[in-house]
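The values are calculated or read from the model by the stated rules, or taken from the named source; none is laboratory data. Keep in mind the model is a prediction, meaning the values are calculated, not measured. As a convention, Cβ positions derive from the backbone with ideal geometry for all residues, glycine included, and neighbour counts pool all protein chains shown. Note: areas computed on protein heavy atoms with side chains; ligands, DNA, RNA excluded. Shrake-Rupley method; radii C 1.70, N 1.55, O 1.52, S 1.80 Å.
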Amino acid sequence: MDLSELERDNTGRCRLSSPVPAVCRKEPCALGVDEAGRGPVLGPMVYAICYCPLSRLADLEALKVADSKTLSESERDRLFAKMKEDRDFVGWALDVLSPNLISTSMLGRVKYNLNSLSHDTAAGLVQYALDQGVQVAQVFVDTVGMPDTYQQRLQQRFPGVEVTVKAKADALYPVVSAASICAKVARDQAVRNWQFVEKLQDLDADYGSGYPNDPKTKAWLRRHVEPVFGFPQFVRFSWRTAQSILEKEAEDVTWEDSGTEDQEGLGRITSYFNEGPRTRPRLPHRYFQERSLEAATSL
Amino acid sequence: MESSDEAAVQKHRIHLRPVSLRDAAPVTLHLLPCEVPVNQPAPVGRFFTPAIRQGPAGLEVSFRGRKLRGEEVVLPPGLVGYVMVMEEKQDFSEGPENDDEQEEQELVEPPEALERNFDCFIGATASFSRFTLWGLETIPGPDAKVRGALTWPSLAAAIHSQVPED
């Protein structure tokens, strides 16, 4: 799989796709949606769609595609190569969401949680297939969150398409299995060839599975803490595991939106009932307050 | 309140090493919309600078997993920025560079030495004429506090200058 576009810049998102098979623009198609790398604290999350004409579903099934989790890496690579050979009727597209995009979305001023990000990415890929002229008749999606509400949302967005959202869809429908293979192959390759944005010394790739509960992953995170910058962008800062390591082993960072506990010049409300003079600091003129200027008489 | 402030000023006199201003080499600066309450070197060149991207609406980067958008701020004409560092307390000798100030001081009343061994000294380690100003998810824009702060020197000069008598 050619991920050179991602390797050039892996700070955002990156869409890759196969050419659309001519037959998919003429005949009604089934389209599967699945993802890889949702749980890990490291690396990108990859969303994939795979589609083929309803009339050729049996041929796709004949490839013996299965849920990518039940396959070995070499089996997945072999199946992905087969899908390439069948490019006259099988098409696919990917959306690679960098760990930096995931972190900045989830840690935004307005929180954009992983479920919403996932739903929007999946819908974006279906829309992409439609825009490319694929005659999408049926969409099968492996669920993220509650299948019913997810199905409703997708059905509303794509009224002309029959949408099926199900848990374990990657084991039930060959187009979803195929999508899960595309996603997993891309995710594994992206992680293996990750181009670190940072100029790191003593970088090692011994990060285990990347899942937060993997002791190897945790040990790698601890080894790569930088007191000021935290982690390389390869790490999803928004993950609980990453944050708790930073809380213990990196410097604190206070943001302008990180809470307004102490308002300047105001004491506790009970202070109004106390005897004695209230000590209220004399504030400088508004001109200086508005510009955060302070006199440098003492440093 | 006021008197105690003045007492503090009396106690902590701060001296600038003028010679350091001449040697200060230009440096790249980033002003982030957050506080890191430590004072120590950070590997900006390895972690931050390589991650800066030119986006459609200006510079983009992330820090600690949060998105920043930035823009260049050029200092107003006539101003130079310096990165000042407080010297570690140590026994010091009066450098020849303080001669000018010494003379001025002699005109003033108290015969006390200008530099006392409990005074602080600051020196410039770098200079700048522009810096990158970063905002959390939004470009700071013309209303940024620091842009306002940069208008103070010209206002200060205006209110302290002699008013011509007509």
Review point. Can you flag which of A:Lys64/A:Lys168; A:Lys111/A:Lys168; A:Lys184/B:Lys67; A:Lys111/A:Lys166; A:Lys199/B:Lys67 are past 22 Å Cα-Cα?
Key: A:Lys111/A:Lys168; A:Lys184/B:Lys67; A:Lys111/A:Lys166
Practice item. Note down the relative contact order for chain A as a percent, whole number, built from C-alpha pairs under 8 angstrom at least six residues apart. Key: 24
Check your understanding: Using all Cα-Cα distances in region A:47-146, what percent lands in each 10 angstrom bin from 0 up to the longest?
Key -> 13, 37, 35, 13, 2
**Study point:** Cα-based shape type of region B:23-85, given that a ≥ b ≥ c are square roots of the gyration tensor eigenvalues and the cut on a/c is 1.5
**Key:** oblate
Check your understanding: Between A:Ala81 and A:Arg222, what length in nm is gained on full extension when 0.36 nm per residue of separation is reduced by their alpha carbon distance?
Key -> 47.0 nm
Practice item. Starting from the Cα of A:Lys248, draw a straight line to each of the lysines and keep only those under 22 Å, dropping any in the same chain fewer than 8 residues away. Key: A:Lys216, A:Lys218
Revision key, fill the gap. Computed over region A:1-59, the relative contact order (Cα-Cα under 8 Å, seq sep at least six) in percent reads 29
Check your understanding: Could you give the distance between the Cα centres of region B:121-166 and region A:1-33, to the whole Å?
Key -> 50
Review point. When only alpha-carbon atoms count, how far does region A:116-166 stretch along each of its three principal axes, as whole angstroms with the largest first?
Key: 30, 20, 16
Review point. Got a sec? What order do B:Met84, A:Met146, A:Met1, A:Met45 fall in by accessible area at 1.4 Å, biggest, i.e. largest, first?
Key: A:Met146, B:Met84, A:Met1, A:Met45
Exercise for review: For every other residue with a beta carbon closer than 15 angstrom to the beta carbon of B:Ala126, add +1 if it is Lys or Arg and -1 if Asp or Glu, then tell me the sum.
Suggested key: +2
Review point. Alpha carbon centre of region A:176-237 versus region A:43-105: separation in Å?
Key: 21
Check your understanding: A:Ala58 label point, 7 Å along Cα→Cβ, cut-off 19 Å on backbone N: hits in region A:75-95?
Key -> A:86, A:88-90
Review point. Rounded to a whole number of µm²/s, how large is the Stokes-Einstein D of region A:115-232 at 37 °C and 0.692 mPa s, given Rh as the Kirkwood radius over C-alpha pairs?
Key: 192
Exercise for review: Place a label point 7 angstrom from the Cα of B:Leu31 along the Cα-to-Cβ direction, then list the residues of region B:69-90 whose backbone nitrogen is under 16 Å away.
Suggested key: B:69-84
Point to revise | Charge context of B:Trp152, other residues only, Cβ under 12 angstrom, K/R +1, D/E -1 | key: +1
Review point. Rolling a 1.4 angstrom probe over the protein heavy atoms, how many square angstrom per residue are accessible across region A:7-105?
Key: 39
Exercise for review: Return the sequence-ordered ³J(HN,Hα) values of region A:125-141 in whole Hz as given by the Karplus equation 6.51 cos²θ - 1.76 cosθ + 1.60 applied to θ = phi - 60°, using x for Gly and Pro.
Suggested key: 6, 4, 4, 4, 4, 4, 4, 7, x, 5, 7, 6, 9, 10, 10, 10, 10
**Study point:** Distance between modelled label sites at B:Val85 and A:Ser72, nm, 7 Å Cα→Cβ extension
**Key:** 5.7
Review point. In Å and whole numbers, how far do the C-alpha atoms of the protein assembly as shown stretch along each principal axis, longest first?
Key: 101, 52, 52
**Study point:** Under Karplus coefficients 6.51, -1.76 and 1.60, residue-wise ³J(HN,Hα) of region A:82-94 in Hz, glycine/proline x
**Key:** 5, 5, 5, 4, 8, 5, 6, 9, 10, x, 8, 8, 10
Review point. Tell me, what % of the accessible area of region B:111-166 is carbon and sulfur with a 1.4 angstrom probe?
Key: 59
Exercise for review: Quick one: compute the contact order of region A:115-170, relative version, from alpha carbon pairs under 8 angstrom and 6+ residues apart, as a percent.
Suggested key: 38
Check your understanding: For region A:2-67, which whole percent of the accessible surface, found with a 1.4 angstrom probe, sits on carbon and sulfur atoms?
Key -> 49
Exercise for review: Could you tell me how many degrees, from 0 to 90 and to the nearest 10, lie between the Cα long axis of helix A:147-157 and the main elongation axis, the longest principal axis, of the Cα atoms of chain A?
Suggested key: 80
Exercise for review: Just the number, please: percent antiparallel of the DSSP beta bridges in the protein assembly as shown, rounded to the nearest 5.
Suggested key: 75
**Study point:** Estimated FRET transfer efficiency when R0 is 30 angstrom, pair B:Asn39-B:Ser161 (beta carbons, to 0.05)
**Key:** 0.25
**Study point:** Sulfur and carbon atoms: percent of accessible area, region A:158-260 [1.4 Å]
**Key:** 49
Check your understanding: In region B:20-54, which residues give up 50 Å² or more of accessible area once the other protein chains are added, compared with their chain alone (1.4 Å probe)?
Key -> B:Arg46, B:Phe47, B:Arg53
